[in-house]
Amino acid sequence: MLLTSRPKHGLDAIDKGKTLLYVDDVTVSFDGFKALNSLSLTVQSEELRCIIGANGAGKSTMMDVITGKTKPDSGKVIFGNDINLLTMDEPAIAEVGIGRKFQKPTVFPGHTVAENLELAMKANKSVWSTLFARMTPEQQDKLHETLQVIGLQEEYKRHAGALSHGQKQWLEIGMLLMQNPLLLLVDEPVAGMTAQEIEKTAELLVSLADVHKHSVVVVEHDMEFVRSIARKVTVLHEGSVLAEGNMESVQNNPDVRRVYLGE
Amino acid sequence: MNTAQTHSLEKTSPPKRQPLVMRLLDKDPGGKITISLLILIGIYVSIANLLIPEDSVFHITAYGVTLLGKYISFALLALSLDLVWGYLGVLSLGHGAFFALGGYAMGMYLMRQIGDRGVYGNPELPDFMVFLNYQELPWFWLGFDNFLFAALMIVLIPGLLAFVFGWLAFRSRVTGVYLSIITQALTFALMLAFFRNDMGLGGNNGLTDFKDILGFNLQSDTTRVGLFLTSIIMLILGYLVSRAIILSKLGRVVTAIRDSESRVRFIGYRVEHFKLFVFVVAAIMAGIAGALYVPQVGIINPAVFSPLFSIELIIWVAIGGRGTLYGAIIGAFIVSYSKTYFTGAWPEAWLYALGALFVLVTLFLPKGVAGLKAQFKENKFLKTLTFKKAN
């Protein structure tokens, strides 16, 4: 067969709506327990996706596989056109453009807000270039811009450990933004937040996909929150996809009702 | 963009016009004081030993000079440990090994300088080799006649050991207590090896009976003062290098690794490379400290490899204040001086005194001597706060 155009590699021509992440038939077992059971799903470029599921449904394990923390027993995970994430370690995966926000806010408490962002910034992260690193004006601008996006411009000099819970979560999202990732994995962003903080977080996540052109995958328990931001929802159950679609169709899905409502 | 914002952010980076040294010591009052004191001590001790007549109360004896020189080299060692423990968060219980290796490299050079002035008068072999019936110089002694070669080895051997050891340990993600135990095992294994006579490094007795260094007689006052001043200069340089590392972006990465290692990995830094860098730099500093220690003390033996010595180091840094750099220097001085005092005045009490010092500091000064000021401030702050609340 003749190719009619140049074959695409890496992240060539991943425009809006093209498949960015392709998880195919992934199985992970811990001592016989299948945390992921031939899980398959795809995430499109510039999409905001919510993933819901009960405890033990495999949400965190899925994140671990994508970010390289856990290697699956079988299956494929492809990023972009042909980047095989299963052959890469965590820093390499972070470098290729996948950022992860953990459930608990894990900012660096002893560093200031600005320093936290500086550390996360996309840059050459080898030992020598880090030792002699100086921020360029463009990087300074990027830092200011991110401070504005996450609404912490007043707090940049404070130690991250002194921030409120919600502010820490935003700072961590800001740290992800500094890496300029294509795909953001966000684990339970609103757990423990006040109603106002939840609202602000929802706005932030929506703007990340719509305005700042990132693909965002949100794992969340809070159905109210999911309803407020989601366009497309994936329901996980016992390590595989139970249902997928918009919020309404998912809520009316008989399988979902059976599993979640015991009908 | 908010212009006031930009302006205030830029103010956080130090102004460019200042000389490098001042930039490094900016916002480091403890460091400024420590370095100034070191310079003053250096000047005073040289004058007091060389120029002030012996019958004056201000005269410092040759013994006093070498004793202070020993403390200074210990301070450099403590400083290097603080980099690893205080900033990287790796509790190395075998840091003395790098000090000892640097010391042995210097000792080998000094042994070769003895020439035929040894007890047996053998121009080819050091005394202990004649005594142990060696026929020729072992291969690893070759080159140590040359000071530059020895200087290279002082840096290279500890650095290489740290590199190989660190590469294996950090790559396998060994952390915490396990890593501490392995470092302890490392120095213990080296101690056992160096105790053996057929190791070719003097066995139990180590290397001693040195005559001169670079042609200067080690017993003369000027040489001793020279070594003492060299030690002070190296300590100040070591401090500035450590400070430069801490203030760089790499320093912020390193403290971030200490606080949350996996997070740093997810941000895209190769944590093991950063750990390795700091570990190797600290090992090299420890090696240099050992090389300064040996000519002043006049002996190096396997006891320096003993785990006990490495643990004593930890106490120096803990007492001085971990993670402050200058605290390590203070701690090394306090403990070493108390050791000299107690082992002279009341030898049986020394270990009890050390234990008591450690317990007291942990109980009442959790941040060490260097944390005293902050502690007072905090107390004051708490008092005013509770006072305000009460009213």
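Would you mind working out the magnitude of the charge dipole of chain A relative to its Cα centre, with +1 at each Lys and Arg C-beta and -1 at each Asp and Glu C-beta, to the nearest 20 Debye?
So the dipole magnitude of chain A works out to roughly 360 debye.
Whole Å is fine, so just give me how far the alpha carbon centre of region A:195-252 lies from that of region B:266-321.
51 Å
In this model, which of A:76/A:125; A:101/B:373; A:8/A:213; A:18/A:168 are farther than 26 Å apart at the alpha-carbon?
In this structure, A:76/A:125; A:101/B:373; A:18/A:168 lie more than 26 Å apart at Cα.
Taking residue A:71 as the anchor, which aspartates and glutamates have their alpha carbon closer than 12 Å to its alpha carbon, excluding any fewer than eight residues away along the same chain?
A:89, A:90
In peptide A:157-163, what is the residue-averaged number of other protein chain Cβ atoms found within 10 Å of each Cβ?
Mean number of neighbouring Cβ atoms from other chains: 1.
Rounded if a/c is under 1.5, else prolate if a/b is larger than b/c, else oblate: which is chain A, with a ≥ b ≥ c the root eigenvalues of its Cα gyration tensor?
oblate
Would you list, by chain and number, the aspartates and glutamates whose Cα falls below 18 Å from the Cα of residue B:377, excluding same-chain residues fewer than 8 positions away?
Excluding near neighbours in sequence, the set is B:28.
Where does each of B:95, A:111, B:59 land when they are ranked from fewest to most other beta-carbon atoms within 10 angstrom?
B:59, A:111, B:95
Among the listed pairs A:16/A:142; B:249/B:380; A:142/B:275; A:69/B:367, which have their C-alpha atoms separated by more than 26 angstrom in this model?
From A:16/A:142; B:249/B:380; A:142/B:275; A:69/B:367, over 26 Å: B:249/B:380; A:142/B:275; A:69/B:367.
Kindly provide the helix-only [θ] at 222 nm of chain B, computed as the sum of -39,500 (n - 2.57) over DSSP H runs of four or more divided by all residues, to the nearest 500 deg cm²/dmol?
-23000 deg cm²/dmol, from helical runs alone.
Where does each of A:9, A:237, A:221 land when they are ranked from fewest to most other beta-carbon atoms within 10 angstrom?
A:9, A:221, A:237
Could you work out how far apart the two model spin labels at residue B:216 and residue B:338 are, taking each label as a point 7 Å from the Cα in the direction of the beta carbon, and quote it in nm?
3.4 nm
Rounded to a whole number of µm²/s, how large is the Stokes-Einstein D of region A:36-87 at 37 °C and 0.692 mPa s, given Rh as the Kirkwood radius over C-alpha pairs?
Once the numbers are plugged in, D ends up at 269 µm²/s.
Below 8 Å between Cα atoms, with a sequence gap of 6+, how large is the relative contact order for region B:37-334 in percent?
Reported relative contact order: 39 percent.
Scale the Cα Rg of the protein assembly as shown by the rule-of-thumb value 2.2 N^0.38 Å and send over the ratio, two decimals.
Normalised Rg, Cα atoms only: 1.18.
Just subtract the alpha-carbon distance of residue B:357 and residue B:137 from 0.36 nm times their residue separation and send over the number in nm, one decimal.
74.6 nm
Just report the Cα centroid separation between region B:132-152 and region A:1-70, whole Å.
Using only Cα atoms to place each centre, the spacing works out to 61 Å.
Is any residue of region B:345-362 close enough, with backbone N under 14 Å, to a label point placed 7 angstrom from the Cα of residue B:308 along the Cα-Cβ axis, and if so, which?
Counting backbone N atoms under 14 Å from the label point, the list is B:347-355.
With a 10 Å radius around each residue's Cβ, average the other Cβ atoms per peptide and rank B:330-337, B:144-151, highest first.
Most protected by this proxy first, the peptides run B:330-337, B:144-151.
In debye, nearest 20, what is the charge dipole magnitude of region B:37-334 about its Cα centre with +1 on Lys and Arg Cβ and -1 on Asp and Glu Cβ, if you could check?
1420 debye
Any idea what the relative contact order of region B:252-391 is, in percent, if you count C-alpha pairs under 8 Å spaced at least 6 apart?
After rounding, I find 16 percent.
Using 1/(1 + (r/R0)^6) with R0 = 22 angstrom and r between the beta carbons of residue A:140 and residue A:203, what's the FRET efficiency to the nearest 0.05?
It comes to 0.30.
From the helices alone, meaning DSSP H stretches of at least four residues, give me the mean residue ellipticity at 222 nm for chain A, per-run term -39500 (n - 2.57), in deg cm²/dmol to the nearest 500.
-10000 deg cm²/dmol
How many Cβ atoms of partner chains, on average, are near each residue of A:114-123 if near means within 10 Å of its Cβ?
Averaged over the peptide's residues, the number is 4.
Can you give me the long-range amide H partners of residue A:112? Hydrogens built in the peptide plane at 1.01 Å from N, cutoff under 5 Å, separation of 5 or more residues or another chain.
Counting only residues 5 or more places away or on other chains, the set is A:160.
Working out 0.36 nm times the residue gap between residue B:41 and residue B:119, then minus their Cα-Cα distance, what length gain in nm do you get to one decimal?
Once the chain is fully extended between residue B:41 and residue B:119, it gains 24.3 nm.
What's the average, rounded to a whole number, of partner chain beta-carbon atoms within 10 Å of each residue's beta-carbon in B:248-259?
Taking all residues of B:248-259 together, the mean is 6.
None of the figures in this text is laboratory data; all of them are computed from the coordinates on show. Small disclaimer: the values here were computed from a predicted structure and weren't measured. Reconstructed Cβ throughout: ideal geometry from the backbone, glycine too, with neighbour counts over all protein chains shown.
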